[in-house]
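So the structure is just underneath, and the comments pick up after that.
The values are calculated or read from the model by the stated rules, or taken from the named source; none is laboratory data. Being a predicted model, the structure only gives us computed values, none of them experimental. Note that each Cβ is placed from the backbone with ideal geometry, even for glycine, and that neighbours are counted across all protein chains shown. With ligands, DNA and RNA removed, areas are computed over all heavy atoms of the protein, side chains included. Shrake-Rupley method; radii C 1.70, N 1.55, O 1.52, S 1.80 Å.
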Amino acid sequence: MTHIDRQRVIKSENEMDSMRDVCTTGAQTMAAMISSVKDLQNENAICGLLEFEGRRRGSQMQAYPPVIAGGVRANTIHYLDANNDLNPNETVLVDAGCDLNGYVSDITRCFPISGHWSDAQRSLYEALLYVHEELLTYAHNLEKVRLSALFRRMNELLAASFTELGLIRAKDNLEMLRMAEKLCPHHVSHYLGMDVHDCPSVSRDIDLPPNVVFTIEPGVYVPNDWPVAEFRGIGYRIEDDVATSPSGGIELLTAAVPRDPVEIQRLMGTAE
Ligand code: GLY
Ligand code: MN
Ligand code: MN
């Protein structure tokens, strides 16, 4: 672990206030983008909305080049083109953050561009949302959070949730876990602060003290040749930013943007 990373990974009270500010700004920016996004026809327009909604709230710039991926392009984890046409039937994955006074947020939300989920899109989204909510609760209840423990828990939850959905059909637990790893080939978390993948020299296998900020970001990326046809070509990630709290548990820093599929529709003006 480098000396600088050791200093950066635990936030002072002033830094915690900066992280609360940037995460709230990032979440409000994402929510405002979702509320104007319905029926846009190109990923580029969403990029413009994020820039506008972030800067009008005081953000100096986006935290990193955002991922704005319609349909199957969401399955390319670092898809940065953000310039393809959107098909009215597809969902969009948006991974974006704000940079405010030197600190950054990192948030992902997914939504149907028409404001209406198909049955397959919604049931897969709910299966992933279940995993996300369980991970928030798990992290909150752990006496000492470790990112490596969250990663193991994510893989178990993904395997169980996708088996229940019918996306995974495996003969035993080991095969279930292997298939879950194929559907989500990335870690569940990284540290966050002045940079998006902050403090990379700090191990993810340590008990975290209070005032450490990190992401929780389970995902699912169903390839076009996946055995279960119904969900092919859908990619989702749900990403929030949290901090270990001095009073125990975790504090959710990005609560200002909803995750619930109907709440997302409400923002888009399409909830029934
Ligand atoms: N935005 C990059 C990541 O979520 O790790
Ligand atoms: Mn992240
Ligand atoms: Mn992200």
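I need to check one value: relative contact order of segment 200-272, counting alpha carbon pairs closer than 8 Å and at least 6 residues apart, in percent. 25 percent. Each of D119, D205 has its accessible area taken with a 1.4 Å probe; listed largest first, they run D119, D205. Ellipticity at 222 nm from helices only: DSSP H runs of n ≥ 4 in the chain, each -39500 (n - 2.57), divided by the residue count, give -12500 deg cm²/dmol.
Segment 193-272 and segment 1-78 have Cα centres spaced 12 Å apart. Here the simple spin-label model places points 7 Å from the Cα toward Cβ, and for K171 and E13 these points are separated by 6.0 nm. Loop-resident trypsin sites (Lys or Arg not before Pro) (DSSP state other than H, G, I, E or B) in segment 128-219 with no more than 13 further Cβ atoms inside 10 Å of their Cβ: K144, R169, K171. Among the GluC sites (Glu not before Pro) in segment 139-218, those located in a DSSP loop and surrounded by at most 11 other Cβ atoms within 10 Å of their own Cβ are E143. The largest accessible area among M16, M1 belongs to the first residue in M1, M16, and the rest follow in falling order (1.4 Å probe, all chains). A DSSP coil position with no more than 14 other Cβ atoms inside 10 Å describes the following trypsin sites (Lys or Arg not before Pro) in segment 1-76: R56.
Dividing the convex hull volume of the alpha-carbon atoms in segment 222-272 by its residue count gives 135 Å³ per residue. For segment 1-122, averaging the sequence separation of C-alpha pairs within contact (under 8 Å, six or more residues apart) and dividing by the residue count gives a relative contact order of 28 percent.
Computed on segment 109-256, with alpha-carbon pairs under 8 angstrom and 6+ residues apart, the relative contact order is 26 percent.
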